[in-house]
Amino acid sequence: MTARAGPSRQPDVVLGIDAGGSSTRARAVSQGNTVHQGTGGPGNPVMADEETVRSSYHAALARCPPPNRVAACVSGTSDPARRAQIERVLAGHFPDADVRVLPDYTACLMAAPAGTDICIVAGTGSVVCSQAADGTFFVTGGRGWILGDHGSAARLGRAALEHYVSKQEPSSFADAISQLFGSSERHAVVNAVHAAPNPAPVLARAAPLLTAAAERHLPWAVRLLDEEMGALAASAILHIEQYLTSAAQVQVALSGGVWASHAARASLSRALTQTAVRSVTIVRSMRDPLDGAVLLAANG
């Protein structure tokens, strides 16, 4: 393929991309220095149409210097056709780069604390994952917010909005709804969700309404949060029993925006410790998954 005319390639530029149902983030690094940082819209090819995905990557990669290697960690790319779609988008931007498209959870595992056995990722979607000594990845859960993704921001937001539209909440909750949707009228909220071409990020924006209410110990919020986290914990326990058969103790890392909520972390911790048959240590992964994507690009 003939290289495009453009700026000369910088020495050893590596590009990491972290893309999910709500956003696409990119960071290019050269000789230890960040030379590009960009953000775009939804990058999951299952949750967003092809034109939206292309625009999201275009925004995140605008003015990025040509990289030598790219590691794009993208949700929704377990299907080869979806993975090929993202590869084509990136090849269009960087025809001379060595491009790898990987599932988004690989970036979370790379960024997890030392000693991590499994990672519970909860952003717009959710998944439980681990990596064997031979490099093989194992995954439990996921499946999207309609049939899975328990404990994810999309599911938590869905629970909060479902509660709101079925029961009139106090004005403080209505005010928060109005800030999100421009109206606190229940029919307006229902119409906004149904009209969204990609409902997952719309639902995800409402997740803090549920976790904030749970922080205030409102019974309905605590119950709904515990239901979601109980289902996510069940996926984690299934994963442990299936893939970590010889481990007497298991370190679980929590990665993703949902875990910024103390109530969410506490609810999951209770569910795990009450039902796990082995000793479980839970730590919060403080490194950005984008750091993990850059590491994957740097390691080739």
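The values are calculated or read from the model by the stated rules, or taken from the named source; none is laboratory data. Predicted model, so just to flag it, every value in this text is computed and none were measured. Positions of Cβ are backbone-derived with ideal geometry, glycine not excepted, and every protein chain shown enters the neighbour counts. Please note that ligands, DNA and RNA were not included when accessible areas were found on the heavy atoms of the full protein model with its side chains. Shrake-Rupley method; radii C 1.70, N 1.55, O 1.52, S 1.80 Å.
Name the residues in the stretch 245-270 that are over 20 Å from Arg216 (Cβ atoms), at pLDDT 95 or above and small (Gly, Ala, Ser), would you?
Scanning the stretch 245-270 gives a single hit, Ala253.
Considering only the stretch 30-63, state which residues are hydroxyl-bearing (Ser, Thr, Tyr) and either within 19 Å of Ala195 (Cα to Cα) or in a loop (DSSP other than H, G, I, E, B) (or both).
The one that is hydroxyl-bearing (Ser, Thr, Tyr) and either within 19 Å of Ala195 (Cα to Cα) or in a loop (DSSP other than H, G, I, E, B) (or both): Thr52.
Look through Gly20, Gly32 and report the one residue that is under 19 Å from Met110 (Cα atoms), modelled with pLDDT under 90 and surrounded by 13 or more Cβ atoms within 10 Å (Cβ to Cβ).
Gly20
If you go through the stretch 121-149, how many residues are among the polar types (S, T, N, Q), part of a loop (DSSP other than H, G, I, E, B) and out of contact with any Ser or Thr (no Cβ under 6 Å at 6 or more places or on another chain)?
1
Scan (1) open to solvent by 40 Å² or more (accessible area, probe 1.4 Å); (2) assigned to a helix (DSSP H, G or I); (3) over 25 Å from Gly151 (Cα atoms); (4) touching a residue at least 40 places away in the same chain (Cβ under 8 Å) for the single condition Met110 breaks and write down its number.
All conditions are met except number (3).
Condition test on Arg143, is it of a type in the set (D, E, K, R) and within 14 Å of the chain's Cα centre (by Cα)?
Yes.
Can you tell me which residue within the stretch 60-81, out of those that are aliphatic (A, V, I, L, M) and crowded, with 16+ Cβ neighbours inside 10 Å, is nearest to the chain's Cα centre (by Cα)?
Val74
For the subset of the stretch 242-269 comprising residues that are free of Cβ contacts under 8 Å to residues at least 24 places away in the same chain and open to solvent by 60 Å² or more (accessible area, probe 1.4 Å), which member is farthest from Pro201 (Cα to Cα)?
If we take residues in the stretch 242-269 being free of Cβ contacts under 8 Å to residues at least 24 places away in the same chain and open to solvent by 60 Å² or more (accessible area, probe 1.4 Å), then Ser246 is farthest from Pro201 (Cα to Cα).
Can you say whether His150 is touching a residue at least 60 places away in the same chain (Cβ under 8 Å) and either more than 28 Å from Asn44 (Cα to Cα) or surrounded by fewer than 20 Cβ atoms within 10 Å (Cβ to Cβ) (or both), as far as the supplied structure shows?
no
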